[in-house]
Amino acid sequence: MGLCYLYMKDLTKAKEHMNLSLQARVSHEAFQVLAQIALTRDSIQEAISVYEKAVKIFPEHADLMSHLGVLYMKSGKDAISFSKLSTALAFDPNNCKAIVATASMMQTHEDYDYALGKYKVATQSIPDSSSLWNNIGMCYFGKKKYVAAISCLKRANYLSAFDWKILHNLGLVHLHMQQYASAFQFLTAAINLKPDQSHNFMLLAIAISHLDDVEHARQAYEQALKLNKLNATTDSFKLYLNYAVSLFNHKLYSESHLKLLEASKIFERYAAKAEEDVSLSYNFIFFLKFNFDEHNLKGNGSLQ
């Protein structure tokens, strides 16, 4: 009955009947359905509580432990997540969910070789998983092996043609390979599927800028800025900085200077938080400002 109500999207009655089911007979399936109901309501903490109760009753159940580890990872608690996933793998070394989640965590921490080793084990069980091949591709991207990255990402795209994240990643890798026309095609496809992501528009603007279409690049940047105000999915500093660089490369110095000033304002707000990234950005801002000053001294433009 609980499952029927769940499929009918009556979550209140579904939860009520699953609790009645647990009172009649304790089962790990009932706990998993309760956690699914919580996740449908976007309540990760409630789902974690459900799985915590479940693993106390079924401490050697690898699937329950791996699901709990994944939820902790989504909550940003990597240490607890790694502990739970390791426990799941101790009970079931071939548990795909735990293997992929552990590899994903190591990938986030840029340990690409470890992640690739785990992903290759997972491919033996789930060779047709688009998300798995997407992650493998981005591991190769992190190792700067762009041809291998594109090969894996295209396989992921074949398995899931309407996944905008895979198309976004393909566009990103093609940008790094300076294949701007291909990057434009993949990023346009990603935008058609997910038009509310400012990061897609920023990358599209970079590609268009390199294709020497400054007007359409400007439109893409402006759309990225507009979307980023509604839903900040892109670092505003990098967005304004890329905008300034694109305008500068097309000799639109005055407009570029204005965007650079916006980037500088944002830079000053979080200068103390990320010293390495900021130092690199600061050197680049200095370089641009130096070029603006040189340009102004020659009398070829007006800066305010």
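The values are calculated or read from the model by the stated rules, or taken from the named source; none is laboratory data. Because the structure is predicted, anything quoted here is derived from the model rather than measured. Cβ sites come from the backbone with ideal geometry, for glycine too, and all protein chains shown count toward neighbours. To get the accessible areas, we keep the full protein, side chains included, count just its heavy atoms, and leave off ligands, DNA and RNA. Shrake-Rupley method; radii C 1.70, N 1.55, O 1.52, S 1.80 Å.
When you check LEU20 against the structure, is it out of contact with any Cys (no Cβ under 7 Å at 6 or more places or on another chain) and surrounded by 14 or more Cβ atoms within 10 Å (Cβ to Cβ), yes or no?
no
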Evaluate region 105-119: report whether one residue or more is modelled with pLDDT of 90 or more, within 21 Å of ALA35 (Cβ to Cβ) and charged (D, E, K, R).
no
Out of region 1-17, which residues are among the aliphatic types (A, V, I, L, M) and either touching a Lys or Arg at 6+ places or on another chain (Cβ under 9 Å) or surrounded by 15 or more Cβ atoms within 10 Å (Cβ to Cβ) (or both)?
MET1, LEU3, LEU6, LEU11, ALA14
Top-ranked residue in region 82-112 [being in a helix (DSSP H, G or I), polar (S, T, N, Q) and open to solvent by 60 Å² or more (accessible area, probe 1.4 Å); ranked as farthest from GLU46 (Cα to Cα)]
THR108
ASP212 under 17 Å from the mean Cα position of the chain (by Cα), farther than 16 Å from LEU261 by Cβ, at pLDDT 90 or above and not in a helix (DSSP H, G or I)
no
Quick check: anything in region 65-81 part of a helix (DSSP H, G or I), out of contact with any Leu (no Cβ under 8 Å at 6 or more places or on another chain) and more than 22 Å from GLN36 (Cα to Cα)?
yes
Failed criterion for ARG41 (all others in (1) farther than 16 Å from VAL70 by Cα; (2) in contact with a Leu (Cβ under 7 Å, 6 or more places away or on another chain); (3) surrounded by 14 or more Cβ atoms within 10 Å (Cβ to Cβ) hold)
(3)
Checking ASN200, ASN169, ASN135 in turn, the sole residue that is surrounded by 15 or more Cβ atoms within 10 Å (Cβ to Cβ), of a type outside the set (Phe, Trp, Tyr) and within 22 Å of LYS97 (Cα to Cα) turns out to be ASN135
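How many residues, within region 176-190, are open to solvent by 20 Å² or more (accessible area, probe 1.4 Å) and part of a helix (DSSP H, G or I)? I'd like the intermediate steps shown before the answer.
Going through region 176-190, the residues open to solvent by 20 Å² or more (accessible area, probe 1.4 Å) turn out to be 176-182, 184-186, 188-189.
Subsequent filtering for residues that are part of a helix (DSSP H, G or I) retains 176, 180-182, 184-186, 188-189.
Going through region 176-190 one residue at a time, the tally reaches 9.
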Given the criterion open to solvent by less than 30 Å² (accessible area, probe 1.4 Å), modelled with pLDDT of 80 or more, farther than 23 Å from PRO93 by Cα and among the small types (Gly, Ala, Ser), identify the matching residue among ALA35, ALA54.
ALA35
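I need the full set of residues from region 212-226 which are touching a helix residue (DSSP H, G or I) at 6+ places or on another chain (Cβ under 6 Å) and open to solvent by 20 Å² or more (accessible area, probe 1.4 Å), in order please. Before the answer, list the steps.
Residues of region 212-226 that are touching a helix residue (DSSP H, G or I) at 6+ places or on another chain (Cβ under 6 Å), as a first pass: 216-217, 220-221, 223-224.
Across region 212-226, the qualifying residues are HIS216, GLN223.
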